[in-house]
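Notes for the one structure printed next.
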Amino acid sequence: MGGTGRPPTSRDLARLAGVSQATVSRVLTNSPRVSPDTRARVLQVLKDANYTPNALARAMKTGRTDTIGVFMTRVTSPFHAALLDEIGRLLSEVGLHMILWNIEHDPEETVSEVIQQRLVDGFILTSATYDSKLHSMAMASGTPTVLLHRGIDGLDCDQVVGDNWQGAFDAGRYLVEAGHRDIGLVTLEHTGNTSRDRDLGFRAALAEAGVPIKERNEISTGVSHDHGHAAAVQLLSAEQPPTAIYTVTDLLAFGLLDGARAQGVKVPEDVWVIGFDNTDLASWEAFDLTSVNQPIHAIVEQGIDLLRRRIGDPAAETTIINLPCQLVVRGSTANTVIG
């Protein structure tokens, strides 16, 4: 194309084919308003020029962008970073692209505008909460939507989540069967099913065993490592500290472990610690954290399958999948009975 080395434009192609730019656009969008001879001539020019239509042209022709919009918060946390990586990897494997919106810092009107622009074939929501309008806006737009990791009870939307209640119950049962009776709980304000079920399942296990959580051993806090560290200071500096602490995320558990070390409290000799998510860092020797596994690969894989089905058949029946979360025992809990 004139020796410039740049890709050919629609103007270049129109000149070579002896037609208008509008005609080239009609060919690219498969418009019926082009005669067979003209279409054949333009297509031959496209072939000779090794021309690949851009994403917008393909979208105009097929009605698809082959792009999925992902909404997420706290993208720097170990769990969400791993979740995002898996979403990107598995979308790529099936020939789809990803656009990420970090909704933690975007005002609601900006998110609403993004949804209404229909830039993508579907939405993946990983941070649905009770008070968020995001899932409602996404579904109201008519764009196929799936919720991953966090679900909403009673919502008529495809959802794939871990069985957080059962995973938390198993963690609680593990502690009471090991002989613990003075157990700490570091939890979060319940803004969605995930944190709620990780709290309630643990309480249920202790209640079933007749081991109530003492008020002094229960802390509701924020989501960061610093919050976990502060919780450890509060719990372990008490006159009668708990012998085990369960918390609803690994990130909080990492803070608990570091807070215990800062006070000279040994894990697991003096206190056991259990987290939830089983992030990669949990297996690091510095933490060696017992944690309830969140099956990220299966959640993402089945979620993408549901979304692709929904894109192909918008009227398909809603599917909600609950995957098992298994306790992974490591060195932050001693596999011995408390005497």
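Just so it is clear, none of the values below were taken in a lab; they were calculated from the coordinates. Predicted, not measured: the structure shown is a model, and the values here were computed from it. Because the Cβ atoms are built from the backbone with ideal geometry, glycine has one as well, and the counts that use them run over all protein chains shown.
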_Given a 10 angstrom Cα cut-off, can you work out which residue in P32, P241, P314 is the most mobile in a GNM of the chain?_
P32
*May I ask you to sort C325, C157 by Cβ crowding, counting other Cβ atoms within 10 Å and putting the fewest first?*
C157, C325
_Under-5 Å amide H pairs with L100, H placed in peptide plane, nonlocal only_ = V70
*Can you sort E269, E189, E86 so the residue with the fewest Cβ neighbours within 10 Å comes first?*
E269, E189, E86
*Calculated FRET value between E317 and N102, using beta carbons and R₀ = 35 Å, to 0.05*: 0.65
*With each run of n ≥ 4 DSSP H residues scored as -39500 (n - 2.57), what mean residue ellipticity at 222 nm is computed for the chain after dividing by its residue count and rounding to the nearest 500 deg cm²/dmol?*
-13000 deg cm²/dmol
*Taking the Cβ of each residue in F287, F123 as the centre, tally the other Cβ atoms inside 10 Å and list the residues starting with the fewest.*
F287, F123
_Just to be sure I understand: with springs between alpha-carbon atoms less than 10 Å apart, which residue in S291, S141, S25 has the highest mean-square fluctuation in the Gaussian network model of the chain?_
S25
*Could you pull out the GluC sites (Glu not before Pro) across region 205-244 that fall in loop regions by DSSP (anything but H, G, I, E, B) with no more than 16 other Cβ atoms inside 10 Å?*
E239
_Most mobile of T38, T319, T126 in a GNM of the chain (Cα contacts under 10 Å)_ = T38
_So, R0 is 51 Å and r is the distance between the beta-carbons of T191 and T9; what FRET efficiency does that work out to, to 0.05?_
0.55
*Computed label-point distance, nm, for sites R118 and Q21 using a 7 Å Cα→Cβ extension*: 2.4
*asked:* Once you keep just the Cα pairs under 8 angstrom separated by 6 or more residues, what percentage relative contact order results for region 164-294?
replied: 24
